[in-house]
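Enquirer: Before I ask anything, let me first share the structure, which is written out below as structure tokens.
The values are calculated or read from the model by the stated rules, or taken from the named source; none is laboratory data. Everything numeric in this text was worked out from a predicted model, so none of it was measured. Note that each Cβ is placed from the backbone with ideal geometry, even for glycine, and that neighbours are counted across all protein chains shown. Just the protein is used for accessible areas: all its heavy atoms, side chains included, with ligands, DNA and RNA removed. Shrake-Rupley method; radii C 1.70, N 1.55, O 1.52, S 1.80 Å.
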Amino acid sequence: KTKSRFTPASPCTITTMAKKKKAPPPPARPWTDDLESDLQRILTVGEECISEQELRNLILAKGRGTEKYADDDNNDDDAAETAAATTAESDTKPTATGPDITPRIRLYDGFEPSGRMHIAQGLLKSVNVNKCTSPGTHSTFCFWVADWFALMNDKMGGDLSKIVTVGKYLIEVWKAAGMDLTNVEFRWASEEITENANVYWPIMLDVARRFNVTRIKKCCQIMGRLEGSLTAAQVLYPLMQCTDVFFLKADICQLGVDQRKVNMLAREYCDAAKKRFKPVILSHHMLYGLKEGQEKMSKSDPDSAVFMEDTVEDVERKIQRAYCPTSVKVVADDGGGETPNNTNNSENVDAGKESMHLTADDLKNPILDYVKHIVLSPPGATFACATAASPDGKTYDNYSDVEEDFLSGDITPEQLKRALIDALNELLQPVRDHFANDDTARGLLEEIREYKRNAAPAASSEDVAPKAPRLDLVGAGVVPPGSHLVFAPLPNSNPTLQSAADLLAKLEAVAEDDDNAPRVLMLLDWTARVNGALDADTKLIAAYHSVLLSSLRALDEHFHGEDGKSVMKNVTVITQSEAILKDPSNYWISVINAGRHFTLDAVMGIGLGLGEGMKDSEGVGKVIGRLMMVADVLAVNPKSIALDATTVDNGEEVVDGVASMKLDGEEAKSVEAHLIQQFYSAKLSHPALASALPLPQITHVTSGPKLALQPPRESDAHKMESDEYFLADDPKVHGKSKVKKAFCEPGNVGFCPPIELLAYFGGLSGNGEGGEVKISRSPDNGGDVTYSTKSAILADFEAGTLHPGDLKGAVSAVMVGVLTRTSAGIKADGEAAKGVKALKAFEKKMAKQKKK
């Protein structure tokens, strides 16, 4: 540490120093003609910019003129090393971020290296990148190479090395198409997400917890699906794309108009997360498909677009057959009027076919579109076309003139198409030459062609076991095989005694013939974060778990002492996030695979006969958490699971659709049980998989202890602190006082909290063997009495021979003892003791915020 340069000799010296004014902020940078030129050039890339003022501020803060080089005298050695590290290149990830050490403007787009590159992705993207990274702009364009997503989608047979080869091939296409890679970097998702899983996935969880289902559904146009037909995975994709923006630290999202909604989600996330700087959204134009009515090109329809590897003959055929209207066609609408034939009035149109253009264009002529956005897009470009007035050709440098001549009839569709064919072939020829003459490019192309030639024929589902990527915690030695799996409840600021008792009951709910089965207790910290529990604070979530575990051990000791029947001695406790990070890639692929199998409605519990299900206004994090539970079960591969029930069996008729969901003779009583059972049945039924991943026995624990002290309230707002016991309760303060206030109507055995407490903690409910409780009474009331069964207590209380006051006296002594034990356990555990304080401080903070 640097020592102070002075020693205060007197109080007046200290006063003088305290009044010293802060240095004034540096003057604002002037806006120059060069900066204006950068702004205007970048703006030409987008059909829309949100917002131009933010882009201007960004250019001032990070753009031209902000360079500071590592070898400047004012920079230290560490800065120089950092700069050297950021400019290092590798064979697999071409990058050039410049030698300066100041933050540069970062633009981002992504692509999946899984197939062909159409002309917009090749030529238009090259032009846009060059505009954004023009020399001196002080910017870097980051391509997110989504090879992990291609792997997840089983592209190239699920072979990552082949997918990477395709990615390198596409980079060669850009290089040949004229993209200047000096200020371009390629980040490979398979490496980045896996190596930085502890950074990437928490961002995704935080994004998810801040939005409801309604908002995420609006983003699903990027998936080309109607909201009503969404799979659960299709709400996960926008969340991950939003995560990419912040993981890559992008200043500008430079994607197509079709990605606008999810990019806007990133800006809304900044508001929700109180991030100061929002990403600028620069949405480029989406080229029309070559066929009539195609709002955009399609890789699945080879004749909908020109592709970068198309031959001269391919280009000729596609353009000659392309739709090329000279005027807007109109059709009669339902009201007897006329509307443009390209206007779709159906509310049920596929989201992928909705208009993806922000500027009005009723003509929607793809040939004109190619002229404007491909041929004339580069600075200084020209377009030569024969016209009626100039049959030998006229050279245009302005698109509006081409359009005017075409609409007036001076250029015929045939002339326009011929000129476009010539222009496209001229642009594509360097790409063809590059792959014919460059050894690296030619080698990559040959490899890909070899992949296609050697592609194995599709095997029948009966011959080959389907892939089931998953986290394998048994194989990793984290959990024992054949275990009984229990999930901890979502954390809250004031954990109840009921929650600990319920958890202990689940841990004990093993098969009757398997009392010695190893137990696994999973602490769902990442599920807690995505659901916003405890404001998604990792320290508070850990605090809750430490308090819960200490209390569980104390209760276990209360019932079983130190003997060999202790439940907790046979429990392996694992934290969800630590387990996931053993193999994050396979874990999240299993989450997404579960999401692909189920409709969003199914994961939300809609139409399953298990209550109303989630509402769209609820957080989408709950959907993600349920998918994660399926992946958690796959990871542990347990013999049995104990879950809470969504609905309790009350003797009512089971609705259709649930009756068939048999789980070892038990009907699914929770959405989670339904998802687990259905996924195993549909995806893991192949003999080769079923033998390794058998469906676990699922038990719904509905007969656990009932420790409420008061009848149910009409709403949570009416609940009082005396309604139940909490793990942090003071035994001296609350042990007796809460029992004294407990509901205890004479003769009412339908709801009598003191009897429930006495029976459970006295060992009369099956938690111990040979349990007895003694109730002290005066001779006038019959004298002391000892009970060994709960039924005997109920009988005497109903008959009136056991007075409420005598009953409460015995219960008070028991509860003081229980709370004394749990309190001592928490105090003996340093983390739990700190945890109680942290949770109480958080609760006070939340209470103050509610009052504001």
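Enquirer: Output the residues belonging to the range 393-423 that are assigned to a strand (DSSP E or B) and among the basic types (K, R).
Expert: Correct list: K394 only.
Enquirer: Hey, among the residues in the range 252-267 that are farther than 23 Å from K62 by Cα and assigned to a helix (DSSP H, G or I), which one's farthest from the chain's Cα centre (by Cα)?
Expert: Applying the filter and picking the extreme gives V257.
Enquirer: Could we say that Y760 is touching a Leu at 6+ places or on another chain (Cβ under 6 Å) and open to solvent by less than 80 Å² (accessible area, probe 1.4 Å) here?
Expert: no
Enquirer: Right, next: Considering only residues that are open to solvent by 10 Å² or more (accessible area, probe 1.4 Å) and β-branched (V, I, T), look in the range 128-165 and name the one that is nearest to T243 (Cα to Cα).
Expert: Among those that are open to solvent by 10 Å² or more (accessible area, probe 1.4 Å) and β-branched (V, I, T), it is V164.
Enquirer: Then there is this: When you go through (1) in contact with a strand residue (DSSP E or B) (Cβ under 7 Å, 6 or more places away or on another chain); (2) open to solvent by less than 50 Å² (accessible area, probe 1.4 Å) one by one for N570, which number turns out not to apply?
Expert: Evaluating N570 over (1) in contact with a strand residue (DSSP E or B) (Cβ under 7 Å, 6 or more places away or on another chain); (2) open to solvent by less than 50 Å² (accessible area, probe 1.4 Å) leaves (2) as the failure.
Enquirer: Sticking with this structure for a sec: For V733, all conditions in the list (1) touching a residue at least 40 places away in the same chain (Cβ under 8 Å); (2) hydrophobic (A, V, I, L, M, F, W, C); (3) closer than 28 Å to V547 by Cα hold save one; what is the number of the exception?
Expert: (1)
Yes/no per residue for (1) buried (at least 19 other Cβ atoms within 10 Å of the Cβ); (2) in contact with a strand residue (DSSP E or B) (Cβ under 8 Å, 6 or more places away or on another chain); (3) assigned to a loop (DSSP other than H, G, I, E, B); (4) at pLDDT below 95:
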{"residue": "A528", "(1), (2), (3), (4)": "yes, no, no, no"}
{"residue": "L534", "(1), (2), (3), (4)": "yes, no, no, no"}
{"residue": "D556", "(1), (2), (3), (4)": "yes, no, no, yes"}
{"residue": "E562", "(1), (2), (3), (4)": "no, no, yes, yes"}
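Enquirer: Go through the residues of the range 486-498 one by one and say whether even a single one is assigned to a helix (DSSP H, G or I) and crowded, with 22+ Cβ neighbours inside 10 Å. Explain how you work it out, then say what you get.
Expert: Here is the first cut: in the range 486-498, the residues assigned to a helix (DSSP H, G or I) are 497-498.
Pick out the ones that are also crowded, with 22+ Cβ neighbours inside 10 Å and you get 497.
Scanning the range 486-498, I find at least one residue that is assigned to a helix (DSSP H, G or I) and crowded, with 22+ Cβ neighbours inside 10 Å, so the answer is yes.
Enquirer: Six or more apart or on different chains, Cβ under 7 Å: which pairs go from a residue in the range 791-817 that's open to solvent by less than 20 Å² (accessible area, probe 1.4 Å) to one that's of a type in the set (D, E)? Could you list them?
Expert: L802/D796
Enquirer: Any residue at all in the range 575-588 that is modelled with pLDDT of 95 or more and farther than 30 Å from A150 by Cβ?
Expert: Among the residues of the range 575-588, at least one is modelled with pLDDT of 95 or more and farther than 30 Å from A150 by Cβ, which makes the answer yes.
Enquirer: Considering the range 690-725 alone, what residues qualify as being of a type in the set (A, V, I, L, M, F, W, C), over 21 Å from A642 (Cα atoms) and crowded, with 17+ Cβ neighbours inside 10 Å?
Expert: Of everything in the range 690-725, those that are of a type in the set (A, V, I, L, M, F, W, C), over 21 Å from A642 (Cα atoms) and crowded, with 17+ Cβ neighbours inside 10 Å turn out to be A708, L709.
Enquirer: Is it true that some residue in the range 626-634 is modelled with pLDDT under 95 and buried (at least 19 other Cβ atoms within 10 Å of the Cβ)? Reasoning before the result, please.
Expert: To start, the set of residues in the range 626-634 that are modelled with pLDDT under 95 comprises none.
Looking for residues that are modelled with pLDDT under 95 and buried (at least 19 other Cβ atoms within 10 Å of the Cβ), one finds none in the range 626-634, hence no.
Enquirer: Here are some conditions: (1) within 46 Å of the chain's Cα centre (by Cα); (2) of a type outside the set (F, W, Y); (3) in a helix (DSSP H, G or I); (4) buried (at least 19 other Cβ atoms within 10 Å of the Cβ). E426 meets all but one. Which one does it not meet?
Expert: (4)
Enquirer: Could you check S161 against (1) in a helix (DSSP H, G or I); (2) in contact (Cβ under 8 Å) with a residue 24 or more places away in the chain and say which number it fails?
Expert: (2) is the only condition that S161 fails.
Enquirer: Taking the range 172-197 only, how many residues are surrounded by fewer than 20 Cβ atoms within 10 Å (Cβ to Cβ), out of contact with any helix residue (DSSP H, G or I) (no Cβ under 8 Å at 6 or more places or on another chain) and either assigned to a helix (DSSP H, G or I) or among the aliphatic types (A, V, I, L, M) (or both)?
Expert: Residues flagged as surrounded by fewer than 20 Cβ atoms within 10 Å (Cβ to Cβ), out of contact with any helix residue (DSSP H, G or I) (no Cβ under 8 Å at 6 or more places or on another chain) and either assigned to a helix (DSSP H, G or I) or among the aliphatic types (A, V, I, L, M) (or both) within the range 172-197 amount to 3.
Enquirer: Test D502 against the stated conditions and say whether it is surrounded by fewer than 24 Cβ atoms within 10 Å (Cβ to Cβ) and at positive phi.
Expert: Answer is no for this residue.
Every residue, every condition in (1) in contact (Cβ under 8 Å) with a residue 40 or more places away in the chain; (2) aliphatic (A, V, I, L, M); (3) under 26 Å from S681 (Cβ atoms), yes or no:
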site	(1), (2), (3)
L523	yes, yes, no
V547	yes, yes, no
F559	yes, no, no
G609	yes, no, yes
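Enquirer: While we're here: Taking the range 784-837 on its own, how many of its residues are of a type in the set (V, I, T), assigned to a loop (DSSP other than H, G, I, E, B) and over 20 Å from K706 (Cα atoms)?
Expert: Here the count works out to 1.
Enquirer: Which ones in the range 301-332 are touching a residue at least 40 places away in the same chain (Cβ under 8 Å), of a type in the set (G, A, S) and open to solvent by less than 20 Å² (accessible area, probe 1.4 Å)?
Expert: Within the range 301-332, A305, A322 qualify.
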